[in-house]
Amino acid sequence: MSRIDGRGLDELRKVTLQTDFVKFPEGGVLITCGNTKVLCCASVEQRAPRHVPEGTGWVTAEYSMLPRANRERSRRDISKLKLSPRSAEIQRLIGRSLRSAVDLTMLPDLTITVDCDVLQGDGGTRTASVTGGFVALALACRKLVEEGVLSRSPIKHYVAAVSAGIVDEQPMLDLCYEEDSGAQVDLNCVMNDDGQLIELQGTGEGRAFTIEEQRALVDLCQKGIRELQKLQKAVLEG
C-alpha cells in the first residue's frame, strides 16, 4: 500500500526542531512534523501551585490551535469563554507526559509552564507538542542551571510521542491528517528513553481492534519514538 506522501509504512514524516525561532522564553522550539508546526515555549515562575508540597516544583502545559491552523478558521477558546474539551484533554496529556520527565523535588517552589501553540495542523499535533514541549522544558532547565538557580538539571528521562494507526487494514506510523481522518484505529503513544510507556491512547474509529494489533502499533510507535529521541538528543547535547 502506498501512502499519500510516499513514505514507508514505518517511516516518520520529516521532523525538525528549531530552537532559535523565538527570543524571550526560557526554553523555546518550533517543531515541524511534515506539515504540522507547533511552537513550544517554556516559562519559569518563582512560585508553585498550592497543591504542591513545600520545596517541590511543578510542570504544566497549555495547548491551543491558532484560528487558521486548520483548513477552515476555528474560533479562539477565549471567544467561547472556556477551553474546548479537546484542548483541555490534550493539555492534560502534555502536562502528564512532561512531568514524567522531571524530578519535581529538584525544582524548589518553581513552576515551568510549557505553552504549545499549533501554527499549522496536519495530524499529530498532540504528539508533536509532547516531543517539542520536552525540548523546550529541557532548555528551560538548562538555563536555570546556567543562572545558578539549580545545581543540576532535574531532567531524568527524555520523553517523546508519536501516533500510529490502521488505515485500510494496514498498520502505519505517524499519520498525517488525511490518513488520520480515515483511520480504522488511531493510537497515540508517549514513551521515555528507557522504552517505558507513559501514556497510551487508542481508539477504534471504524472497528474494534485486537491486543495483537495494539502491540503491533505500539512497536511501530517505539521505533518512531527512538528516532525522535535521537533528534532531541542531537539538539540538546550537540
Fill in the blank from the handout: With criteria (1) out of contact with any helix residue (DSSP H, G or I) (no Cβ under 7 Å at 6 or more places or on another chain); (2) surrounded by fewer than 24 Cβ atoms within 10 Å (Cβ to Cβ); (3) among the hydrophobic types (A, V, I, L, M, F, W, C); (4) touching a residue at least 12 places away in the same chain (Cβ under 8 Å), residue 136 comes up short on (2)
Practice task
Report the residue count in region 79-110 for those that are hydrophobic (A, V, I, L, M, F, W, C), part of a helix (DSSP H, G or I) and touching a residue at least 60 places away in the same chain (Cβ under 8 Å).
Solution key: 2
Exercise for the section: Inspect all residues belonging to region 111-129 and state whether any of them is open to solvent by 40 Å² or more (accessible area, probe 1.4 Å), within 26 Å of residue 48 (Cβ to Cβ) and assigned to a helix (DSSP H, G or I). Expected result: yes
Completion exercise
Scanning region 46-61 for residues that are in contact with a Ser or Thr (Cβ under 6 Å, 6 or more places away or on another chain) and buried (at least 19 other Cβ atoms within 10 Å of the Cβ), the one farthest from residue 118 (Cα to Cα) turns out to be 48
Fill in the blank from the handout: residue 195 passes all but one of the listed conditions (1) open to solvent by 50 Å² or more (accessible area, probe 1.4 Å); (2) over 23 Å from residue 170 (Cβ atoms); (3) part of a loop (DSSP other than H, G, I, E, B); the exception is number (1)
Practice task
Filter region 5-23 down to the residues that are at pLDDT 95 or above and more than 22 Å from residue 130 (Cβ to Cβ), then identify the one that is surrounded by the most Cβ atoms within 10 Å (Cβ to Cβ).
Solution key: 9
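Across region 96-110, which residue is surrounded by the fewest Cβ atoms within 10 Å (Cβ to Cβ) among those that are of a type outside the set (Val, Ile, Thr) and closer than 30 Å to residue 66 by Cα?
Pass one, region 96-110, residues of a type outside the set (Val, Ile, Thr): 96-101, 103-104, 106-110.
Applying the additional criterion that residues be closer than 30 Å to residue 66 by Cα yields 96-101, 110.
Working: 96: 16, 97: 27, 98: 27, 99: 18, 100: 18, 101: 23, 110: 23.
That would be 96.
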Problem - Cross-chain or 6+ apart pairs with Cβ under 6 Å, region 202-213 first and more than 23 Å from residue 93 (Cα to Cα), then open to solvent by less than 60 Å² (accessible area, probe 1.4 Å) and polar (S, T, N, Q) - result: 206/184; 207/184
Practice task
May I ask you to say which residue of 43, 74, 2 is in a strand (DSSP E or B) and either open to solvent by 30 Å² or more (accessible area, probe 1.4 Å) or out of contact with any strand residue (DSSP E or B) (no Cβ under 7 Å at 6 or more places or on another chain) (or both)?
Solution key: 43
Practice task
State whether one or more residues within region 139-153 are within 16 Å of the chain's Cα centre (by Cα) and part of a loop (DSSP other than H, G, I, E, B).
Solution key: no
Fill in the blank from the handout: Flagged pairs (Cβ under 6 angstrom, 6 or more apart or on separate chains; first in region 176-192, modelled with pLDDT of 95 or more and of a type in the set (A, V, I, L, M, F, W, C); second assigned to a strand (DSSP E or B) and open to solvent by 10 Å² or more (accessible area, probe 1.4 Å)) are 185/204; 187/202; 189/200; 190/198; 190/199; 191/197
Problem - Options 165, 202; residue that is open to solvent by 40 Å² or more (accessible area, probe 1.4 Å), closer than 23 Å to residue 7 by Cα, touching a helix residue (DSSP H, G or I) at 6+ places or on another chain (Cβ under 7 Å) and of a type outside the set (Val, Ile, Thr) - result: 202
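The values are calculated or read from the model by the stated rules, or taken from the named source; none is laboratory data. Since we're looking at a predicted model, the values are computed, not measured. Glycine also receives a Cβ, built like all others from the backbone with ideal geometry; neighbour counts cover every protein chain displayed. Ligands, DNA and RNA are excluded from the accessible area calculation, which covers all protein heavy atoms including side chains. Shrake-Rupley method; radii C 1.70, N 1.55, O 1.52, S 1.80 Å.
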